[in-house]
Every structure is written in C-alpha cells, then in structure tokens.
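Student: My questions will all concern the structure given below.
The values are calculated or read from the model by the stated rules, or taken from the named source; none is laboratory data. Since the structure is predicted, the reported quantities are computational estimates derived from the model, not experimental observations. Positions of Cβ are generated from backbone atoms using ideal geometry, with glycine treated the same way; all protein chains shown enter the neighbour counts.
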Amino acid sequence: MRASVLDVTPDLDGAPEAVTPVYVVTEVPEPEAAAVDLELAAAGEKVFKKCKSCHQVGERAKNKSGPILNGVVNHAAGSVDGFKYSKAMKAVAEGGLIWTEYELAAFLTKPKAYLKGTKMSFGGLRKEADQIAVIEYLKTFSR
C-alpha cells in the first residue's frame, strides 16, 4: 500500500498556518514476474526429459513418484497437495525453505548431498547450464 498526498495548499493570506496533508491509501501493483528466456526454457525442456519419469508439469500434471513441479520456482518447499514427502523434506518445509533459483540449483546439483534423507533418487544435474535451463523451463509453469 502507498499513501499519496492529495492536498497541501498553504493559506493564501500569507500567514504561516499549519498545513494538514490529506492522505489517500492506494494499492501498489504486484511486481511483474521476470520475463522468461524462451530460448533457455526450450533447452530446459530437453533437460527435463531426465526428470519426466518421476515428475510432471503442465495443465494435466499429476504426482508420480515425485511431486508435480508446476509453480515450484520461488514457492515453498514440500507444498504440493497430495504428495507424500520424506521426513527430511517436511522438516525443511517447516523451516521455511523456499525454492529460489539458487536453492533449486543447489538441490539439482546433487539432491542427496543437499538434503540427506530425500526420497529423490536422481543423481543430479552436474552441469550448471543444465540446472539453469531446467529452472527456466520450470518457470514457464504456474500452479
């Protein structure tokens, strides 16, 4: 919310008089989401093929052995309805972990090293370019 000063007109007789500003509270628009690099997202779609055996994205996505990943970027960890998370993931979720691009990249590098006790059996994406690309691809899906 933002306050705007609408009227601060001084006394026209020239006498210094206290001016009481009038404020009206207006809504501040939500910040726009950063633009998605479509070329990078297309590269990420190819990398995501490694993830498809456990995860789905898109309008008809369903939980499999891994949760759906729609809207995962900048969202709370462990928050997909209907998915049974590991105790380790539940613990970091309760601790307030947000899947920022940085945290996702760290997790995707080597999931079992990032989060001991995760159910994710995938060994990880070793190449930073692959991590960045798949995250960009995931940004194209909202919840």
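Student: Please state which one of Val36, Val57, Val5 is at pLDDT below 95 and either part of a loop (DSSP other than H, G, I, E, B) or in contact with a Lys or Arg (Cβ under 9 Å, 6 or more places away or on another chain) (or both).
Tutor: Answer to the check: Val36.
For (1) polar (S, T, N, Q); (2) in contact (Cβ under 8 Å) with a residue 40 or more places away in the chain; (3) surrounded by 14 or more Cβ atoms within 10 Å (Cβ to Cβ), each residue gets a yes or a no:
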site	(1), (2), (3)
Gly58	no, yes, no
Asn70	yes, yes, yes
Lys90	no, no, yes
Ala105	no, no, yes
Thr109	yes, no, yes
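Student: I'm told Asp130 meets every condition in (1) surrounded by 19 or more Cβ atoms within 10 Å (Cβ to Cβ); (2) free of Cβ contacts under 8 Å to residues at least 12 places away in the same chain; (3) acidic (Asp, Glu) except one. Can you identify the failing condition by its number?
Tutor: In the conditions (1) surrounded by 19 or more Cβ atoms within 10 Å (Cβ to Cβ); (2) free of Cβ contacts under 8 Å to residues at least 12 places away in the same chain; (3) acidic (Asp, Glu), Asp130 misses (2) alone.
Student: I would also like to ask the following. Taking region 84-143, which residues are of a type in the set (A, V, I, L, M) and over 23 Å from Lys46 (Cβ atoms)?
Tutor: Passing the criteria: Ala88, Met89, Ala91, Val92, Ala93, Leu97, Ile98, Ala113, Leu115.
Student: Just checking, which of Lys46, Lys52 is over 21 Å from Arg143 (Cβ atoms), at pLDDT 95 or above and among the basic types (Lys, Arg)?
Tutor: Details: Lys52 fails: over 21 Å from Arg143 (Cβ atoms).
Every option except Lys46 fails the conditions.
Student: Can you name the residue in region 121-143 that is modelled with pLDDT under 95 and among the small types (Gly, Ala, Ser) and, of all such residues, is farthest from the chain's Cα centre (by Cα)?
Tutor: So the residue we want is Ser121.
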